[in-house]
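Everything on this sheet refers to the single structure shown next.
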Amino acid sequence: MATVAYPKSIPFFNYKQAFASREGEYVEIFRDVLRRGAFIQQQDLADFERHLAEYLGVRHAIGVGNATDGLVFAWRAAGLRPGDEVIFPSHTMVASPASVVHAGGVPVAVDCGSDHLIDPDTIEAAITPRTRAIMPVQLNGRTANMDRIQEICDRHGLFVIEDSAQALGSRFKGRFAGTFGRAGVYSFYPAKILGCFGDGGAIVTNDDTMAQRMHLLRDHGRNQEGEVVEWGFNSRLDNLQAAILDRQFANYGDIIEHRRSLAARYEDRLGDLPQLQLPPAPDSDPDHFDVYQNYEIQADDRDGLRNHLKAKGIGTLIQWGGKAVHQFSGLKLRASLPKTESLFQRCLMLPMNTVVSLDDSDYISECIRQYYAA
Ligand SMILES: Cc1ncc(COP(=O)(O)O)c(C=O)c1O
């Protein structure tokens, strides 16, 4: 193990270092795109959309301004009607249920399971005559058990839209997160595994009619001839961002492998500590291929541990500012979700990204061990 004296701090996310690690390439892309004056709906966007669709094995990938807009467009294109209820896990970003509200629907929060994802056992109790759809959130780079969710949908005549904002590349039984439902949505927010230099997102679908509608919605309701055929929005993935994303995407497999090796290392160094519950280790379940957008642990005396790590220069984060969606009283979701609430007393994310090295993770693990040994 590394010695406890470690020369540098380890921020939770180090944007500056991430840029510096590929600065030459990125500056070259900026120069190229700016020299071509190629800003809105240009070739780089089309190329990135094609590469994304090929990678996922879907018919359509549509770049949008951010994943939140992508979800709104997906609900609208899927025909969500005013008052339709959509079941979602409360352990998510507010963007997931907000997208339902902005499409006229009513979000209904349910609990999460021990893997921090939607608990299929809680879904049926939340179904009412108004329920229309389920929105699994493929959180932390892991895909929910989509067999169970699909089986519930089939029995109750519901459809799925996946919030895969955190799960590009994650798979369940070999199939990619985002490709199970009528549409799936990814975020390219800077801290995402595939992150751009601002906001960005994409919607994927195999449904031609939905794809056509989502193309209209992202571009003022205009069709390819420039005719405005419905009220739309302005939410296109910038061409410059698409060019950056396309370059990163070329070695996406390496990026994922780095995250998986960090997860394996945390498991190796921390797996025996009774005070912690770690995420499932890579390859611990043949049905799941996890990409570790986040490494979200549960910890006894979480806040004490967090302060200890902070004093050592190690950044950590509690998702969504420390509350599940139903705990924001202003949203009036009025759910009582004991598993999610107890998770939020204990959850903490450790550094997990391309600029965190295995040595860094060893040092983090050593500091955690030191805290519980004291
Ligand atoms: C689970 C989840 N859903 C939706 C979003 C919204 O994505 P965006 O910021 O691209 O709108 C995020 C972003 O953090 C997310 O983590």
The correct count of residues that are within 16 Å of the ligand (Cβ to nearest atom) and in a loop (DSSP other than H, G, I, E, B) in the range 293-319 is 3
Output the residues belonging to the range 324-357 that are among the hydrophobic types (A, V, I, L, M, F, W, C) and either farther than 18 Å from residue 12 by Cα or surrounded by fewer than 15 Cβ atoms within 10 Å (Cβ to Cβ) (or both). 324, 325, 328, 331, 333, 335, 337, 343, 344
Counting only residues that are touching a Leu at 6+ places or on another chain (Cβ under 7 Å) and open to solvent by 50 Å² or more (accessible area, probe 1.4 Å), which one in the range 262-278 is farthest from residue 342 (Cα to Cα)? 265
Can you confirm whether the range 124-137 contains a residue that is of a type outside the set (A, V, I, L, M) and within 16 Å of the ligand (Cβ to nearest atom)? yes
Filtering the range 26-41 down to residues that are farther than 19 Å from residue 235 by Cα and open to solvent by 60 Å² or more (accessible area, probe 1.4 Å) yields 28, 30, 31, 32, 34, 35, 36
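In the range 60-130, which helices (runs of 4 or more DSSP H) lie fully inside it and hold 3 or more residues that are within 15 Å of the chain's Cα centre (by Cα)?
On the way: elements: 67-77, 95-102, 120-123.
Ranges flagged: 67-77, 95-102.
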Being basic (Lys, Arg) and within 30 Å of residue 257 (Cβ to Cβ) narrows 130, 142, 213 down to just 142
(1) farther than 19 Å from residue 185 by Cα; (2) touching a Lys or Arg at 6+ places or on another chain (Cβ under 6 Å); (3) within 16 Å of the ligand (Cβ to nearest atom): which one isn't true of residue 111, the others all being true? (3)
Test: residue in the range 47-56 that is among the small types (Gly, Ala, Ser) and either more than 22 Å from residue 216 (Cα to Cα) or open to solvent by less than 30 Å² (accessible area, probe 1.4 Å) (or both): yes
Has the range 66-76 got any residue that is closer than 17 Å to residue 187 by Cα and β-branched (Val, Ile, Thr)? yes
How about the range 77-102: which of its residues are open to solvent by 10 Å² or more (accessible area, probe 1.4 Å) and within 16 Å of the ligand (Cβ to nearest atom)? 93, 94, 95, 98, 101, 102
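The values are calculated or read from the model by the stated rules, or taken from the named source; none is laboratory data. Keep in mind it's a predicted model, so treat the numbers as computed, not measured. A quick note on method: Cβ atoms are made from the backbone with ideal geometry, for glycine too, and the neighbour counts reach across all protein chains shown. All accessible areas refer to the heavy atoms of the entire protein, side chains included, with ligands and DNA or RNA removed. Shrake-Rupley method; radii C 1.70, N 1.55, O 1.52, S 1.80 Å.
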